[in-house]
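The values are calculated or read from the model by the stated rules, or taken from the named source; none is laboratory data. Predicted model, so just to flag it, every value in this text is computed and none were measured. Positions of Cβ are backbone-derived with ideal geometry, glycine not excepted, and every protein chain shown enters the neighbour counts. Side chains are part of the model used for accessible areas, which takes the heavy atoms of the whole protein and leaves out ligands, DNA and RNA. Shrake-Rupley method; radii C 1.70, N 1.55, O 1.52, S 1.80 Å.
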Amino acid sequence: MNIALLANPTSWHAQDLLRAAGSRHRVTTEDFRSLHARVGRDESAGIVGTPPDALLVRSMPPGSLEQVIFRMDVLARCQALGTPVVNSPKSLETAIDKYVSLSLLKNAGIRVPETRIGQSVEAALRGFEELDGDVVLKPIFGSEGRGIRRITNLASAREVFQSVIADGGVVYQQQFVDHAHEDFRILLVGPELFGMRRRNLDDWRTNSARGADCFGWQPLPREEEIARRAAEAVGAEIAGVDLLYDSQNQPFVVEVNAVPGWKAISAVTGNDVALAVFEYLENKLGVLV
């Protein structure tokens, strides 16, 4: 296969995919800024040159609103013109937006934390009180625990909310779920499933990027079912589903990542996730190697 990889060529994941491709597939790394479109006598969208067999999205770099919208539009048009895009542009847009993805998870019957989103300090403070004065504030767009903080008193809430609103942001807050410093990442690569338990006794944040200890873990049947329903709800073929349990042993899905990392999960499980990605693409495209 000829695969175009939208990624930072020096990133660990890009290098891992190049390793796994070996001589079986030709993989070229592309920058989001290389995306282009032609409309007129000839129409094209994607990268310059012969269209690849598939386009694999492995990063979502920041940009202006105009740049981000254009990039998503180009990926969507690329897909419409016949080049498979994994994950699909629609699923990327859905997963990036915590509000939209959380709504879809809830509609799919998946338990999610109580959440309030507002654009004024007054609305945010009402939400803070409704959530019992113990919330996790998150950016609507973001991953790996960046920019999140726990707020447990009204004075801090007012100050932080005022700052967020003044900077043109939206206050996205979730009721804190007492999860005993532990959560679970379920990585789905098509039908393949890999599990990891994350524990951080020094911090309520359990992201591996935040220093959590990680262990290989085999999801229970109900956890696997929840993860597959969550990925389906946002439309992601390759997805990282973050799941935790509250003090009543009830499972909650807090996020679905459509550009999930696998460095930690590969290390603790011994599975070659990058190879699984190519095997999935081969099956998807009906390629014999």
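Taken over the stretch 100-128, the criterion of being under 17 Å from Q175 (Cβ atoms), touching a residue at least 24 places away in the same chain (Cβ under 8 Å) and either among the small types (G, A, S) or out of contact with any Lys or Arg (no Cβ under 7 Å at 6 or more places or on another chain) (or both) is satisfied by L105, R111, P113, E114, T115, R116, I117, G118, A123, A124, G127, F128. The residue that is nearest to A264 (Cα to Cα), among those in the stretch 191-216 that are within 18 Å of the chain's Cα centre (by Cα) and open to solvent by 80 Å² or more (accessible area, probe 1.4 Å), is R210. Closer than 21 Å to S91 by Cβ, open to solvent by less than 70 Å² (accessible area, probe 1.4 Å) and at pLDDT 95 or above - does that describe any residue in the stretch 140-159? Checked against the condition, which is being closer than 21 Å to S91 by Cβ, open to solvent by less than 70 Å² (accessible area, probe 1.4 Å) and at pLDDT 95 or above, the stretch 140-159 yields no hits at all.
The C-beta contact set for the stretch 223-247 (first residue farther than 25 Å from H181 by Cα and β-branched (V, I, T), second residue assigned to a helix (DSSP H, G or I) and open to solvent by 20 Å² or more (accessible area, probe 1.4 Å), distance under 8 angstrom, 6+ apart or interchain) comprises V234/L104; I238/Y280. Looking across D246, D178, one residue alone is open to solvent by 50 Å² or more (accessible area, probe 1.4 Å) and not hydrophobic (A, V, I, L, M, F, W, C). It is D178. Considering S120, S64, S103, S91, the condition of being modelled with pLDDT under 95 and either in contact with a His (Cβ under 6 Å, 6 or more places away or on another chain) or hydroxyl-bearing (S, T, Y) (or both) is satisfied by S64 alone. Looking only at residues in the stretch 72-131 that are touching a strand residue (DSSP E or B) at 6+ places or on another chain (Cβ under 9 Å), over 30 Å from T50 (Cα atoms) and acidic (D, E), which one is surrounded by the fewest Cβ atoms within 10 Å (Cβ to Cβ)? Once the filter is applied, the top-ranked residue is E130. For the stretch 260-271, a tally of residues being of a type in the set (V, I, T) and under 13 Å from L188 (Cβ atoms) returns 1. If the condition is being under 19 Å from L281 (Cβ atoms) and surrounded by 18 or more Cβ atoms within 10 Å (Cβ to Cβ), then the stretch 54-71 contributes A54, L55, L56, V57, R58.
Check whether at least one residue in the stretch 35-49 is surrounded by fewer than 16 Cβ atoms within 10 Å (Cβ to Cβ), closer than 22 Å to A258 by Cβ and either under 24 Å from the mean Cα position of the chain (by Cα) or of a type in the set (G, A, S) (or both), and report yes or no. Within the stretch 35-49, not a single residue is surrounded by fewer than 16 Cβ atoms within 10 Å (Cβ to Cβ), closer than 22 Å to A258 by Cβ and either under 24 Å from the mean Cα position of the chain (by Cα) or of a type in the set (G, A, S) (or both).
For the stretch 3-32, which positions are in contact (Cβ under 8 Å) with a residue 24 or more places away in the chain and either charged (D, E, K, R) or open to solvent by 40 Å² or more (accessible area, probe 1.4 Å) (or both)? Answer for the stretch 3-32, where residues must be in contact (Cβ under 8 Å) with a residue 24 or more places away in the chain and either charged (D, E, K, R) or open to solvent by 40 Å² or more (accessible area, probe 1.4 Å) (or both): N8, W12, D16, R19, R24, R26, T29, E30, D31.
Among the residues of the stretch 136-159, is any under 16 Å from the mean Cα position of the chain (by Cα), of a type in the set (D, E) and more than 29 Å from R77 (Cβ to Cβ)? Yes - at least one qualifying residue is present in the stretch 136-159.
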